[in-house]
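The values are calculated or read from the model by the stated rules, or taken from the named source; none is laboratory data. Computed from a predicted structure; not experimentally measured. Cβ placement follows ideal geometry from the backbone for every residue including glycine, while neighbour counts extend to all protein chains displayed.
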Amino acid sequence: MVTVEEATATVLENSYTPVAISVPITEAVGRTLAEPIRADRDFPPFDRVAMDGIAIRFDEWDRGQREFPIEDTQAAGQAQKELKNELHALEVMTGAVLPEGADTVVRYEDLQINNGTARIIAESIQRGVNIHKQGQDARKADVLLPPGIILSPAEVALLASIGQSNVDVLSFPKAAIIASGDELIEIESTPEPHQIRRSNTYAIQAAMRELDWEGTQFHLPDHKEFLKESLAAILADNDVMIVSGGVSRGKYDYIPDVLAEIGVEKRFHQVSQRPGKPFWFGVTKKGKTVFALPGNPVSTYMCFHRYVKPWLMQSFGHPYRPLQAILAKDFTFEPSLTYFLQVQVRNEGGRLMAYPHPGGGSGDFANLKDVDGFLELPKEKTSFKQGEVYALVPFR
């Protein structure tokens, strides 16, 4: 049996090697950028008016002129106009090109406009005020976005602004999600008293989709030869298998033996944790990865968020850095195991408070609807005090 820390290190050391693929920017949010993004021109590409008002020559103000006849209007989206008379002004709109011959913008709030003449009522103005200068943000060919960042809507806007409709991102591993167990039936079926509907693979698939990662579901019965044949075929067609069930010590828990027989090298089996103690992890010589998770729903769910998700993010170059939360109430756990305590999380005055809500054990998946994550309580302690800070594994 390995510790949680040892299991984590082993999982993260066996990361997936992604390749770059091109996707439309409409599908890029949450993906990891695989190429440097450079400015196709200066940012902004012209001296840009930053406030609605008038554009003037500052020298005329500096000489004492306060009233400026308005000779024309420069709207956003219009080609650059010219201030033809140095003693005049052009009315300008936010986002417009600064008119040729003008060098200062006075906002409407500092003006009185009557009969086509603008009077400046501000006591002072500065040369060049309210102008976003060409190239102030970036110059043509500057790197705007480095590879390795996770794209958010803000970066998508930037990509659109430089005319990039597609972008190279890191590929997700092709994934299979496998439920093992004769007791499982499809969700549309009516269960007999000894049966349950298959739910773990749907939970995993949904958690993957939150990451924009797709996975194909399979259900395999507890028959060793069939398992062997099926898992070998599935593994050949995927980069990673996430198995739920069949990894404990029961008579029909064939998964560990079958995985060994099809060439998956065990890196560990059993972790000193609750829930999820029977967790099995292995890799093949070709770099394929297998997570074999315990079949109890809470165990499967916790192991996905605590191990599979960090493995994926590590593969994309994002090191595992768990959040921290403050235990809101005293809690006791006697066994010498790392305990993943189900908690409700609240932000109270800028402090992330975790309220224990342990539920009925690893089979009580209904309890997950009432909590926001797992607080990781170390095995070296049995008594955990209000106010102590521990790692948080959130899933909301």
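Points worth noting:
- Remark: THR300 falls outside the filter, which requires a residue to be over 22 Å from the mean Cα position of the chain (by Cα) and of a type in the set (Val, Ile, Thr).
- Of all residues making up the range 297-330, the number that are touching a helix residue (DSSP H, G or I) at 6+ places or on another chain (Cβ under 6 Å), surrounded by fewer than 21 Cβ atoms within 10 Å (Cβ to Cβ) and under 17 Å from ALA203 (Cβ atoms): 0
- Just one of the listed residues (VAL167, VAL156) is in a strand (DSSP E or B) and under 17 Å from VAL29 (Cα atoms), namely VAL167.
- Exactly one residue among PHE304, PHE281 is closer than 30 Å to GLY30 by Cα, touching a Lys or Arg at 6+ places or on another chain (Cβ under 6 Å) and not acidic (Asp, Glu), and that residue is PHE281.
- Restricting LEU159, LEU170 to those that are more than 23 Å from ARG48 (Cα to Cα), touching a residue at least 24 places away in the same chain (Cβ under 8 Å) and either of a type outside the set (Val, Ile, Thr) or outside the structural domain of THR216 (by TED's automatic domain parsing) (or both) reduces the list to LEU170.
- Residue within the range 110-121 that is assigned to a helix (DSSP H, G or I) and either modelled with pLDDT of 95 or more or not small (Gly, Ala, Ser) (or both) present: yes
- Residue check, ALA179 surrounded by 19 or more Cβ atoms within 10 Å (Cβ to Cβ), of a type in the set (A, V, I, L, M, F, W, C) and in the same structural domain as GLY263 (by TED's automatic domain parsing): yes
- Residues in the range 87-121 that are farther than 24 Å from PHE46 by Cα and in contact with an Asp or Glu (Cβ under 8 Å, 6 or more places away or on another chain): THR117, ALA118, ARG119, ILE120, ILE121.
For (1) among the aromatic types (Phe, Trp, Tyr); (2) crowded, with 16+ Cβ neighbours inside 10 Å; (3) farther than 30 Å from LYS140 by Cβ, each residue gets a yes or a no:
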residue: ARG48; (1), (2), (3): no, yes, no
residue: ASP52; (1), (2), (3): no, yes, no
residue: GLU82; (1), (2), (3): no, no, no
residue: ASN85; (1), (2), (3): no, no, yes
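- Extreme residue, farthest from the chain's Cα centre (by Cα), among residues of the range 248-257 that are surrounded by fewer than 24 Cβ atoms within 10 Å (Cβ to Cβ) and not acidic (Asp, Glu): LYS251
- Given (1) under 26 Å from LYS288 (Cα atoms); (2) touching a Phe, Trp or Tyr at 6+ places or on another chain (Cβ under 9 Å), index of the condition GLN80 fails: (1)
- Tabulated pairs, the range 87-98, first farther than 16 Å from GLY116 by Cα, second buried (at least 24 other Cβ atoms within 10 Å of the Cβ) and small (Gly, Ala, Ser), C-beta under 8 angstrom, 6+ apart or interchain: LEU98/ALA55
- Some residue of the range 27-44 being over 20 Å from ILE162 (Cα atoms), charged (D, E, K, R) and either without any contact (Cβ under 8 Å) to a residue 24 or more places away in the chain or outside any loop (DSSP other than H, G, I, E, B) (or both): no
- Condition check for ARG306: part of a helix (DSSP H, G or I), outside the structural domain of GLN386 (by TED's automatic domain parsing) and in contact with a strand residue (DSSP E or B) (Cβ under 9 Å, 6 or more places away or on another chain): yes
- Residue identified as surrounded by 14 or more Cβ atoms within 10 Å (Cβ to Cβ), without any contact (Cβ under 8 Å) to a residue 40 or more places away in the chain and in a strand (DSSP E or B) among LYS266, LYS228: LYS266
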